[in-house]
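Each value in this text was obtained by applying a stated rule to the coordinates, not by laboratory testing. It should be emphasised that the depicted structure is a prediction, and the values quoted were computed from it without experimental measurement. No Cβ is skipped: glycine too gets one built from the backbone with ideal geometry, and neighbour counts run over all protein chains shown.
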Amino acid sequence: MRGSTRSSSGRGACILVAIAAILPVSVWTVARIQYAFGGNWTAPFTTGTVSPVPPELAGGTYHVEGTGYDGQFYRYLAHDPFLRRGYARYLDSPQLRARRLLVPALAWLFASGRDEWIDKAYIAVEMLFVGLGVYWCARLLAGRGRPAAWGLDVARQAGAGVGLHDHGHHGHRH
């Protein structure tokens, strides 16, 4: 019985550590989107002006000058995870991107396939994975007699929120 009490309290501490990681990252993410990007939830995907955007998504997409970053292609995949809408032609490397479908597919699933919710759901899925990484790292550390709080380092190492950095570009809506 004693072992199970210790184990459950260890889980509780690890859950608190995960929440302590997710909460500030989530608040920062929402604040940055609201204030730096005018509330445009497509900004973290860093869509460049060089590549075409699927017409259904183009209207509200936040753009940066240049080629943009990988996030733009995973965003398209989240909006078309089964490649039925023809968004594969907007991917720089469809075979490569389609092999990395977990996060885009979960975003689509969490959003019930509704385009207007997918971008927010994608970011929520990323936060969920940050939390899971911190939780499991904290569990591993606690199981080895180390402070569970050291699991917070996962959020720092994972670059949580790094996608929200503007990379020196000034973006705009198209």
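Structure notes:
- Ordered by the number of other Cβ atoms lying within 10 Å of each residue's own Cβ, fewest first, Leu91, Leu23 fall into the sequence Leu23, Leu91.
- Ordered by the count of other Cβ atoms within 10 Å of each Cβ, fewest first, Glu126, Glu65, Glu116 give Glu116, Glu65, Glu126.
- On Cα atoms only, tilt of 115-143 relative to the major axis of the chain in degrees: 30
- The ratio of the alpha-carbon radius of gyration of the chain to the globular-protein estimate 2.2 N^0.38 Å is 1.18.
- Entry note, the chain: the mean residue ellipticity at 222 nm calculated from DSSP H runs of n ≥ 4, each adding -39500 (n - 2.57), is -17500 deg cm²/dmol after division by the residues and rounding to the nearest 500.
- Selected from Ala111, Ala58, Ala43 as most flexible by GNM, with the chain as the system and alpha-carbon contacts under 10 Å: Ala58
- Neighbourhood charge, 15 Å Cβ-Cβ cut-off, centred on Cys137 and excluding it, Lys, Arg +1 and Asp, Glu -1: +4
- Relative to the Cα centre, the charge distribution of the stretch 2-173, modelled as +1 at Lys and Arg Cβ and -1 at Asp and Glu Cβ, gives a dipole magnitude of about 860 debye.
- The stretch 80-142 shape via C-alpha gyration tensor axes, a/c threshold 1.5: oblate
- Relative contact order of the stretch 2-173, taken over Cα pairs closer than 8 Å and 6 or more residues apart, is 29 percent.
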